[in-house]
Amino acid sequence: GSIDSMGMPDVPVGIGSSGGVDDDIELEVYDADYSIPSPCIYQSGIELVYAALESVPPNSAQLLCIASLADVATVMREREELFTAKVKEVVVMGGVVSPEIGETLVPDSAYNNNCDISAARYVYRKCQEIGIPTVTLSRWTAYGCPMPPQLLDEMSATEHMVARNIRSVSKISVDQLWNKVRLHPSDPRREKIPNRCDVNWFCRTFMSKGELSKDWKASVWSLVQKLNMYDPLAMLLAVPAYRTAHFAFKEKVVNGVTHLCVGTSERDTGIKNRLALFDEYSTLFLSAFEESLHRKVNIN
């Protein structure tokens, strides 16, 4: 539904696995008025990936991973020859241990890695073994160019139903995250959230200053000053022109192949110019909603 309402009804969508989350844990799914059946929805996301890879020339496919690497690992295990022949690069929203440590890249405790850490380790190890370049964007990059919640208001003002839903769901998501980080690290209700993500982390990440007591039970949304654009930044990184314009890298050469890492620490976010990057993605957000409503877009 969301893809359709953005003016791309022919883009196929495949349903993935739970990504390593235990079967007895209900995944968070957000309802929307535009959530409707579509002939472009495939029950098996993995089969859709196989079909896509089979349809493209050798060494031409770019794989963008913005969630658990569980399904990517399955594709690599089941169809390694196809994967090796067709994939030219794997872009990952996640994180790796400092590229200056050790002879190979190793996934760190990023949430997407943590969902299925064995799968994440397999994907990185296998890509380095078979010579497929990886490009990893870390949480440090997202922390380095946050979005103020006011941008959600601007997006919602376009009256696009996806923009309005994003604003509504963002509040729900932040409140749910707050309720999870308040829990003890051993509490299963935290799901796959890393232990480092506690109350102090939440306050540093989403609030400009101050600290909340873990006993705070009301909504925290009104206190939020910044939101992190993990997936949009990863998508920009996958586009060569945006990659060159906005991101700086640390390189790791393994078996003669160069792997890129963006954002290796709190001080090294991998962002060339924070304001320019914010202007880039905020303009893209707003213009995408306006254009899908067939409105004229004025970009200053």
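The values are calculated or read from the model by the stated rules, or taken from the named source; none is laboratory data. Bear in mind the structure is a predicted one, so any value in this text is a computation, not a measurement. Methodologically, a virtual Cβ is constructed for each residue, glycine included, from the backbone with ideal geometry; neighbour enumeration extends over all protein chains shown. When the accessible area is computed, the model is the full protein with side chains, heavy atoms only, and any ligands, DNA or RNA have been set aside. Shrake-Rupley method; radii C 1.70, N 1.55, O 1.52, S 1.80 Å.
A few points about this structure:
- Residues of the range 112-171 satisfying the condition of being in contact with a Cys (Cβ under 6 Å, 6 or more places away or on another chain) and more than 17 Å from residue 80 (Cα to Cα): 136
- Hey, residue 63 in a loop (DSSP other than H, G, I, E, B) and modelled with pLDDT of 95 or more or not: no
- Members of the range 39-54 found to be in contact with a strand residue (DSSP E or B) (Cβ under 8 Å, 6 or more places away or on another chain), hydrophobic (A, V, I, L, M, F, W, C) and open to solvent by 40 Å² or more (accessible area, probe 1.4 Å), listed by number: 41, 49, 52
- Residue ID - nearest to the chain's Cα centre (by Cα), chosen from residues in the range 234-243 that are part of a helix (DSSP H, G or I) and loosely packed, with under 15 Cβ neighbours inside 10 Å: 240
- Residue match in the range 138-147 (condition: buried (at least 18 other Cβ atoms within 10 Å of the Cβ) and more than 28 Å from residue 190 (Cα to Cα)): no
- Qualifying residue in the range 83-98 (condition: touching a residue at least 60 places away in the same chain (Cβ under 8 Å) and more than 19 Å from the chain's Cα centre (by Cα)): yes
- Residue within the range 18-34 that is in contact with a helix residue (DSSP H, G or I) (Cβ under 7 Å, 6 or more places away or on another chain), at pLDDT 90 or above and of a type outside the set (S, T, N, Q) present: no
- One residue from 80, 100, 54 being out of contact with any Leu (no Cβ under 6 Å at 6 or more places or on another chain) and within 17 Å of residue 259 (Cα to Cα): 100
- Positions within the range 140-167 being small (Gly, Ala, Ser) and within 17 Å of residue 286 (Cα to Cα), in sequence order: 156, 157, 163
- The range 259-269, residues that are open to solvent by less than 60 Å² (accessible area, probe 1.4 Å) and either in contact with a His (Cβ under 8 Å, 6 or more places away or on another chain) or more than 13 Å from residue 142 (Cβ to Cβ) (or both): 259, 260, 261, 264, 265, 268
- Restricting attention to the range 178-233 and to residues that are of a type in the set (A, V, I, L, M), assigned to a loop (DSSP other than H, G, I, E, B) and in contact with a Cys (Cβ under 9 Å, 6 or more places away or on another chain), the residue that is surrounded by the most Cβ atoms within 10 Å (Cβ to Cβ) turns out to be 229.
- Filter result for residue 289 (open to solvent by 20 Å² or more (accessible area, probe 1.4 Å), touching a residue at least 40 places away in the same chain (Cβ under 8 Å) and among the aromatic types (Phe, Trp, Tyr)): no
- Of the candidates 272, 250, the single residue that is within 22 Å of the chain's Cα centre (by Cα), over 19 Å from residue 66 (Cα atoms) and surrounded by fewer than 13 Cβ atoms within 10 Å (Cβ to Cβ) is 272.
- Filtering the range 69-84 to residues that are outside any loop (DSSP other than H, G, I, E, B) and open to solvent by 50 Å² or more (accessible area, probe 1.4 Å) leaves 77, 78, 80, 81, 84.
- Breaking point among (1) under 30 Å from residue 273 (Cβ atoms); (2) without any contact (Cβ under 8 Å) to a residue 60 or more places away in the chain; (3) touching a Pro at 6+ places or on another chain (Cβ under 8 Å), for residue 112: (3)
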